[in-house]
Amino acid sequence: MKKWLLATILGVLALVLAACGGSSSSEPKSSEDYTADNPLIIKFSHVTAVDSVKGKSANYFAELVDEKTEGRVKVEVYPSSQLYGDADELDALVSGNVHMIAPSVTKMVKLDPRWQYVDMPYLFKDEEHVQKFFDSEVAHELFNSEQLAQNDIKGMAFWPNGFKHFSNNKHPLVKPEDFKGLKFRTQAGQVLEKQFESLGAGSATISFGETYAALQQGTVDGAENPFNNFDTMKFYEVQKYLSTTQHGRLDYAVFVNKSFWESMPEDLRVLVEEALSEATEYAQKLAAEENQKSFEKIKSLGTVEVYEMTDEERQALREALQPVYDEFTDVITKELIDGITALAE
Ligand code: LMR
């Protein structure tokens with residue numbers, strides 16, 4: 001072959017390779033590119049307070065990543081809706097503006113209605129049942145959904161918070177009739193709307209960061225929270241009555257932007273994964289303890305009248321909430337609900 005022809009072929013080949021991304025800057029950098037002076041940054045955004053169950057778990061995760069990678073990966077945690085609130089944190093994850101979030105799972109309803117399993121009244125028996133679910137294939141199946149893949153999201157771990165309890169400003173909530181005519185704040189989704197409708201109450205979706213003001217200004221009369229969120233958001237300043245209804249769960253899933261994750265050098269990814277699994281164990285121990293501490297604190301403050309429900313009173317609420325199952329079992333899927341119920345044994 002003539003020299004000039006060979007040179008032309010090689011030149012064209014080099015251009016084609018470059019155009020295909022052979023030397024593009026989006027290619028994963030190698031591990032050595034990251035040092036304590038030039039770390040890989042993971043932005044982790046969430047909506048709760050620094051001292052909440054989620055806030056402490058996220059900070060612990062950041063500490064572990066720092067330790068394990070000797071500062072070569074830095075998790076920047078943005079708490080209290082500082083960077084993104086409920087309305088936009090999922091979009092920020094999809095677009096890669098943040099790399100990790102840990103929303104209350106019901107907020108994933110935007111992508112997949114099955115995440116509302118968590119709101120089905122009295123579906124979980126106790127903390128042990130919740131933990132069994134987190135460890136089960138039934139739960140991890142939710143991470144394998146088309147919707148997550150299509151939105152470039154990877155599910156990484158489940159973190160607990162706790163059982164929710166109703167509070168309000170009008171009167172103690174004991175019987176189903178006590179809810180009539182009141183208006184409650186909800187996180188998201190139609191299951192929660194139906195929950196309040198079944199009790200003769202109204203509801204409005206309000207972002208977590210705006211809930212204190214909504215309760216203070218009377219936009220809504222009440223809310224539903226685990227004790228720790230009620231405590232760390234100081235809802236005890238703007239709510240008069242709390243009943244230990246324990247009617248639903250509030251738990252989290254940790255998600256990462258998939259392209260970002262896959263662009264990380266393999267060895268650093270392994271260390272971050274290790275850190276996440278230790279932070280998950282920490283969250284699992286912390287959640288029940290912190291909720292119990294917050295409950296004791298709320299009772300001792302004297303600003304909120306706490307009513308401790310009996311099993312019979314909870315049973316009456318459960319019966320009043322049956323319409324939620326009638327309407328939403330097919331949406332959540334019978335398979336998922338039965339799968340969760342079977343884990344209670
Ligand atoms: C809420 O909006 O009530 C919760 O999702 C907040 C949280 O993340 O715990």
Worksheet item: At what distance in nm do the modelled label points of Glu67 and Glu335 sit from each other, each positioned 7 Å from its Cα along Cα→Cβ?
Response: 4.0
Discussion item. Counting other beta carbons within 10 Å of each residue's own, what order do Asp231, Asp119 fall into, fewest first?
Written reply: Asp231, Asp119
Worksheet item: When a footprinting reagent is the concern and you count Cβ atoms within 10 Å, what order do Val256, Val94, Val109 take, fewest first?
Response: Val94, Val109, Val256
Worksheet entry | Under 16 Å from the Asp88 label point (7 Å along Cα→beta-carbon), backbone N, segment 203-225 | 207-210
Practice prompt. Please determine, in degrees from 0 to 90 and to the nearest 10, the orientation of helix 322-332 with respect to the longest principal axis defined by the Cα atoms of the chain, where the helix direction is its Cα long axis.
Written response: 10
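Kindly rank 37-49, 281-293 from highest to lowest mean number of other beta carbons found within 10 Å of each residue.
Highest to lowest by the protection proxy: 37-49, 281-293.
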Response to the item:
Ordered by fewest other Cβ atoms within 10 Å, a rough proxy for footprinting exposure, Lys56, Lys68, Lys180 read Lys180, Lys68, Lys56
Fill in: Residues of type lysines that Lys240 reaches as a straight line, Cα spacing below 23 Å, ignoring anything fewer than 8 places off in the same chain
Lys164, Lys170, Lys175, Lys180, Lys183, Lys293, Lys297, Lys299
Discussion item. Please compute the modelled spin-label separation between Gln322 and Thr205, points set 7 Å along Cα→Cβ, answer in nm with one decimal.
Written reply: 2.9
Discussion item. Give me the one-decimal nm value for the distance between modelled label points at His171 and Thr219, 7 Å along each residue's Cα-to-Cβ direction.
Written reply: 2.7
Worksheet item: For the pair Glu32 and Lys299, what calculated FRET efficiency results from E = 1/(1 + (r/R0)^6), where r is the Cβ-Cβ distance and R0 = 45 Å, to the nearest 0.05?
Response: 0.25
Worksheet item: Tell me, how many Å apart are the Cα centres for segment 152-200 and for segment 253-319?
Response: 17
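Would you mind calculating the gained length between Glu128 and Lys234 on full extension (0.36 nm times residue separation, minus the Cα-Cα distance), in nm to one decimal?
35.4 nm
Every number here is computed from the coordinates shown, using simple stated rules; none is lab data. Given the structure is predicted, the values throughout are model-derived calculations rather than measurements. Note that each Cβ is placed from the backbone with ideal geometry, even for glycine, and that neighbours are counted across all protein chains shown.
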